[in-house]
Structures are given as structure tokens and as C-alpha cells.
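These notes are about the structure you will find just below.
Just so you know, all these numbers are worked out from the coordinates, no wet-lab data involved. Worth saying up front: this structure is predicted, and the values here are computed from it rather than measured. Please note: Cβ atoms are built from the backbone with ideal geometry, for glycine as well, and neighbour counts cover all protein chains shown.
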């Protein structure tokens with residue numbers, strides 16, 4: 001009788017250990033999947049940061065080009081005004097002398 005009870009207790013304990021091993025194995029798989037996902041996310045964030053940095057450089061470059069393009073008509077306008085004023089001044093000086 002004692003042996004049978006001990007054997008049954010041992011079987012229950014062994015079964016409990018097997019269940020724990022299965023549960024730990026499942027948890028380990030889940031943890032590995034989460035670690036892989038976090039690693040992939042980290043790489044994606046790094047790629048995003050590099051892309052954003054590149055985009056920022058391009059925006060700065062485009063801003064400088066736009067500024068130059070916006071100033072070009074103003075420069076032409078100033079040149080035209082200078083030429084007109086010079087012509088008028090030359091004509092006035094020519095009339096006076």
C-alpha cells in the first residue's frame with residue numbers, strides 16, 4: 001500500500017514536472033518570437049531614422065534652391081530698374097549739357 005501511494009505521488013509529481021516543462025517551452029517560444037519582433041522593429045526604426053535624415057538634407061537643399069529661384073526675378077527686376085534709371089539720367093544729362 002505504501003509503495004502504491006508513493007508510486008502514485010511520484011507519478012503525479014512527474015506529470016506536474018512534465019506540464020511545467022511544456023509550459024516553460026511554450027513561454028520560451030513566445031519570448032523568442034517577441035525578441036525577434038523587437039529586433040525587427042529596432043532595425044525598422046533605424047532605417048526610418050536614416051531615411052528621415054536623408055529627407056531632411058534634401059529639404060534643406062531644396063529650400064536653398066527655392067530661395068535662389070525666388071531671388072532671381074528680384075535681381076532681374078533690380079537690373080532693369082537700374083538700366084531704366086541710368087537711361088533716364090543719361091537722357092537728362094544729355095539734354096542739360
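Quick look at the values:
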item	result
Inter-site label distance for residue 10 and residue 75 at 7 Å from Cα along Cβ, in nm	9.6 nm
The chain: angle of helix 2-96 to the longest principal axis, Cα-based, in degrees nearest 10	0 degrees
Spatial extent of the range 1-53: Rg and Dmax, with the Cα atoms as the point set, Å	22.8, 77
Listed residues 48, 14, 69, most fluctuating in the chain (Gaussian network, C-alpha, under 10 Å)	14
Computed log₁₀ I(q)/I(0) - Debye formula, equal Cα scatterers, no solvent, the range 30-97, q 0.21 Å⁻¹	-0.90
Per-residue [θ]222 nm for the chain (sum of -39500 (n - 2.57) over DSSP H runs n ≥ 4, rounded to 500)	-37500 deg cm²/dmol
